[in-house]
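Take a look at the structure set out below.
The values are calculated or read from the model by the stated rules, or taken from the named source; none is laboratory data. Since the structure is predicted, the reported quantities are computational estimates derived from the model, not experimental observations. Neighbour counts run over all protein chains shown; Cβ positions are idealised from the backbone, glycine included.
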Amino acid sequence: MKKLCLTGGGTAGHVTPHLALIPKLRERGYEIFYIGSYDGIEKRLIADFDVPYYGISTGKLRRYFDPQNFSDPFRVLKGCREAMKILRKERPDLIFSKGGFVSVPVVRTAALLKIPCILHESDMTPGLANKICIPVAKTVCCNFPETLAHISADKAILTGTPIREELRNGDPAQGREFCGFKDDKPVLMVIGGSSGAQAINEVVREALPELLPRFNVVHICGKEKMDNLMLTMDGYKQFEYVKSELKDLFAMADVVVSRAGANAICELLALRKANILIPLPLKSSRGDQILNAQSFAQQGFSEVIDNDELDERILVDKILDVYERRDTFIEAMNRSNQHEATETILDLIDQTVGKE
């Protein structure tokens, strides 16, 4: 049986594409195991998929001064030793990496063992972990056309990002029932990423007096970010996190307000959801979400609000405008050629394993 090692972690965005691939990989006859950090989010997300999981030591690679910069290289070296032991034991035919700092020991060690690696870069410009891994990778799957300029032509391939098949099978009626929405008003969905987005949460709640006469609002606000004073507000439903019902919430949503993480926006593209993106500001990120959002806006898929300019008036006006023009955004998404990412990547994996 063909054997595949999946790796990547640190955020949900480094894991969720794996979740889309796992059922399809099994259909194609692959035995799968996962290498992640000891207790990262990847361990929790993979737990539902009955995939053997190995934890290794990992250290964050920083571009700025931090006292941990002196100790983290030793954690990375420890992770390399642990990865070497695991890979020698399991002998996978291929590594598929979604990036994040835990992937560095795995990919670099795999290269020493002559195990081929395919990387997936979700953002427009490669993150530091992937930059370290690209020199030893066989192929780099890219999410944006603009990314191809940052990677040598013999390695880069435009694939898009795999999304979980179940997200395409939501039921709007079940979504409304789950939220307790009784009328037929259009639905605004607000989602701020795996840990929520407090700046967005606050402005959305300030805007509710103007929004609720026009929309039902479902708000996925992040762990410990619910407002208990609004739990019984008619037409407004909060959740810290949603798993199996997420497909139904997407199905019923007419407009989505979201951060601009690569996986999140690719789900919006695949599901053809008119959307407003509020990317993380430079002070909180390396700027990848800003570039992601700009690309989607240029392709006609999204409207964008600068996080530093976000206020109640701008948000309400933008939501009303996008709702009125939602068909225009959907038409642009329908013209995109990045809807078959899962099959494209699966075929690439098959071809790479077959050549080794």
Quiz prompt | Within the range 235-264, tally of residues that are assigned to a loop (DSSP other than H, G, I, E, B) and charged (D, E, K, R) | solution = 5
Quiz item: Which fully enclosed helices (runs of 4 or more DSSP H) of the range 126-234 have 3 or more residues being outside the structural domain of Ser97 (by TED's automatic domain parsing)?
Solution: 172-179, 198-211
Quiz item: Would it be correct to say that Ser57 is in the same structural domain as Ser152 (by TED's automatic domain parsing), at pLDDT below 95 and over 29 Å from Ile290 (Cα atoms)?
Solution: yes
Self-check item: Breaking point among (1) buried (at least 24 other Cβ atoms within 10 Å of the Cβ); (2) under 12 Å from Leu6 (Cα atoms), for Leu87
Solution: (1)
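Report whether or not Lys225 is surrounded by 13 or more Cβ atoms within 10 Å (Cβ to Cβ) and among the charged types (D, E, K, R). Give the derivation first.
Numbers: surrounded by 13 or more Cβ atoms within 10 Å (Cβ to Cβ): yes; among the charged types (D, E, K, R): yes.
Judged against the criteria, Lys225 is a match.
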Exercise. Report whether or not Ala264 is farther than 16 Å from Asp171 by Cα, crowded, with 24+ Cβ neighbours inside 10 Å, touching a Phe, Trp or Tyr at 6+ places or on another chain (Cβ under 8 Å) and at pLDDT below 95.
Key: no
Quiz item: Given the residues Phe215, Phe250, which is the only one that is hydrophobic (A, V, I, L, M, F, W, C), touching a strand residue (DSSP E or B) at 6+ places or on another chain (Cβ under 6 Å), buried (at least 20 other Cβ atoms within 10 Å of the Cβ) and at pLDDT 95 or above?
Solution: Phe215
Quiz prompt | Residue in the range 85-107 that is touching a residue at least 12 places away in the same chain (Cβ under 8 Å), in contact with a Phe, Trp or Tyr (Cβ under 8 Å, 6 or more places away or on another chain) and either basic (Lys, Arg) or under 21 Å from Leu21 (Cα atoms) (or both) present | solution = yes
Quiz item: Going through the range 93-114 one residue at a time, which ones are out of contact with any helix residue (DSSP H, G or I) (no Cβ under 6 Å at 6 or more places or on another chain), surrounded by 24 or more Cβ atoms within 10 Å (Cβ to Cβ) and part of a loop (DSSP other than H, G, I, E, B)?
Solution: Val102
Quiz item: Can Ile157 be described as among the aliphatic types (A, V, I, L, M) and buried (at least 17 other Cβ atoms within 10 Å of the Cβ)?
Solution: no
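Identify all residues within the range 265-291 that are in contact with an Asp or Glu (Cβ under 6 Å, 6 or more places away or on another chain) and not in a strand (DSSP E or B); write none if there are none. Spell out the reasoning first.
Looking only at the range 265-291, we keep the residues that are in contact with an Asp or Glu (Cβ under 6 Å, 6 or more places away or on another chain), and these are 276, 281, 288.
Within the range 265-291, Pro281, Asp288 qualify.
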Practice problem: Tell me, please, whether a residue that is surrounded by fewer than 16 Cβ atoms within 10 Å (Cβ to Cβ) and modelled with pLDDT of 95 or more can be found in the range 338-350. | Solution: yes
